[in-house]
Amino acid sequence: MTPAPRVRARRRRRRSALVVAPLLVVAAGVSAFVALENLAPPTVRSFVLSVGASVLGEPSDAPTSPGPGTPAPSPTSEAPTSTVTPTDTPADEPTVDAPDPTPSGRGYDVDSPDSITVVVNKLRPLSPLEHRPDDLVPVSGAAVTMRAEAADALAELRADAQEDGNPMAVHSAMRSYQEQRTTFEGWVAQMGREQAERSSARAGFSEHQTGLAVDVVATGDTCGVMSCFGETDASAWLVANAHRYGFVVRFDGAHEEWTGYKAEPWHLRYVGVEVATAVHEAGGPSLEEYFGLEPAPDYAD
Ligand SMILES: [Zn+2]
């Protein structure tokens, strides 16, 4: 026998209640968990996140160790201490390196025969007249000698000149008192005393006797002798560069009233880089002018 429709309906409602009740319990539990999670204090959450990051190897805000060579900061090295004191020397006081203000020599030794800045001319003979340097050495590639410092500088000059396409040979360098006397008398015999005095020095009055002078010729040019050296590229190179090696072109032809000699573009005189550079930057005055000495156009007698 089939039950009446009203009875079937009551049975369906009873089964639905049995399914819904457990679902409500689960929903209530999830809500409670979410509520607890939201109530966790921020500090606790940060700590948990930080620990998690460190474990994962992610960068943290912790200071890193300095790299090699980086000095570790220390409290004493950062701030200036009270040991800073005013300087003892006012800026406008002359320093110990300033040139001697006396007019003669600018603080350089222009008198001693062994000084690299000695000035020898027709009024300033070597003293003693027969002076001979004691540090002469062979000049590289030539059968002559110079003082060691000048010989080294000349070797450097010639190497660089050659690299720039201006090779030079050494014609003459150190000449002793006796050799200078022979040289001078040879010129007198050849051209007469008056002309010889303008191009050669008496014994005891020559820069060649100091071991600091050298005569050069151009070997990479059509001119290989001294008489036409002034027209060579090598001569122009010397005018522009000799000071960098401590040499001056001593007799440029524009200062004969000071030096007593006509142009000798082949004659180099070693005075050291400091003086040579200062002379070059001053426009190439004679050594007499640069050092505040009197002109020496002729001998006293
Ligand atoms: Zn010379």
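The values are calculated or read from the model by the stated rules, or taken from the named source; none is laboratory data. This one's a predicted model, so the numbers in the text were calculated from it and none came from an experiment. Quick reminder, even Gly has a Cβ in these numbers, built from the backbone with ideal geometry, and neighbours come from all protein chains shown. The protein model used for the area step is the full one, side chains on, heavy atoms only, and it has no ligands, DNA or RNA in it. Shrake-Rupley method; radii C 1.70, N 1.55, O 1.52, S 1.80 Å.
Quick test of your reading of the structure: L154 fulfils all but one of (1) touching a residue at least 60 places away in the same chain (Cβ under 8 Å); (2) more than 14 Å from the ligand (Cβ to nearest atom). Name the failing condition by number.
Evaluating L154 over (1) touching a residue at least 60 places away in the same chain (Cβ under 8 Å); (2) more than 14 Å from the ligand (Cβ to nearest atom) leaves (2) as the failure.
Restricting to region 218-227, and then to whatever is away from the ligand (no atom under 16 Å from the Cβ) and open to solvent by 30 Å² or more (accessible area, probe 1.4 Å), can you tell me which residue is nearest to H255 (Cα to Cα)? Give the derivation first.
Keep residues of region 218-227 that are away from the ligand (no atom under 16 Å from the Cβ), which gives 219-224.
Pick out the ones that are also open to solvent by 30 Å² or more (accessible area, probe 1.4 Å) and you get 219-222, 224.
Working: T219: 28, G220: 29, D221: 27, T222: 28, G224: 25 Å.
Only one residue fits best here, namely G224.
Kindly list, by first and then second residue, each pair from a residue in region 199-228 that is within 24 Å of D152 (Cα to Cα) to a residue that is crowded, with 24+ Cβ neighbours inside 10 Å and hydroxyl-bearing (S, T, Y), limited to pairs with Cβ atoms under 6 Å and residues at least 6 apart or on different chains.
Pairs found: L212/Y270.
Can you tell me which of (1) touching a Ser or Thr at 6+ places or on another chain (Cβ under 7 Å); (2) open to solvent by less than 40 Å² (accessible area, probe 1.4 Å) is the one Y245 doesn't meet?
With (1) touching a Ser or Thr at 6+ places or on another chain (Cβ under 7 Å); (2) open to solvent by less than 40 Å² (accessible area, probe 1.4 Å) applied to Y245, the lone miss is (1).
Out of A276, A242, A263, report the one residue that is touching a Gly at 6+ places or on another chain (Cβ under 6 Å) and within 15 Å of the ligand (Cβ to nearest atom).
Numbers: A276 fails: within 15 Å of the ligand (Cβ to nearest atom); A242 fails: touching a Gly at 6+ places or on another chain (Cβ under 6 Å).
Answer to the check: A263.
Going through A240, A282, A236 one at a time, which residue ends up being open to solvent by 30 Å² or more (accessible area, probe 1.4 Å), more than 25 Å from Y108 (Cβ to Cβ) and within 26 Å of the chain's Cα centre (by Cα)? Show your work before the answer.
On the way: A240 fails: more than 25 Å from Y108 (Cβ to Cβ); A282 fails: more than 25 Å from Y108 (Cβ to Cβ).
After applying the criteria, what remains is A236.
Select from region 162-213 the residues that are among the aliphatic types (A, V, I, L, M) and in contact with a strand residue (DSSP E or B) (Cβ under 7 Å, 6 or more places away or on another chain) and write down the one among them that is nearest to the ligand (Cβ to nearest atom).
A213
What pairs come up if the first residue lies in region 260-279 and is more than 18 Å from Q195 (Cβ to Cβ) and in the same structural domain as Q195 (by TED's automatic domain parsing), the second is in a loop (DSSP other than H, G, I, E, B) and away from the ligand (no atom under 12 Å from the Cβ), and their beta carbons are under 6 Å apart, counting only those six or more places apart or on different chains?
Short answer, once both residue conditions are applied: Y270/G246; V271/T117; G272/I116; G272/G246; V273/G246; V275/T117; A276/G246.
F247 fails exactly one of the following numbered conditions: (1) within 25 Å of V144 (Cα to Cα); (2) away from the ligand (no atom under 14 Å from the Cβ). What is the number of that condition?
Every listed condition holds for F247 apart from (2).
Quick one: is A143 free of Cβ contacts under 8 Å to residues at least 40 places away in the same chain and closer than 16 Å to D215 by Cα? Give the steps one after another, and end with the answer.
Working: free of Cβ contacts under 8 Å to residues at least 40 places away in the same chain: yes; closer than 16 Å to D215 by Cα: yes.
Judged against the criteria, A143 is a match.
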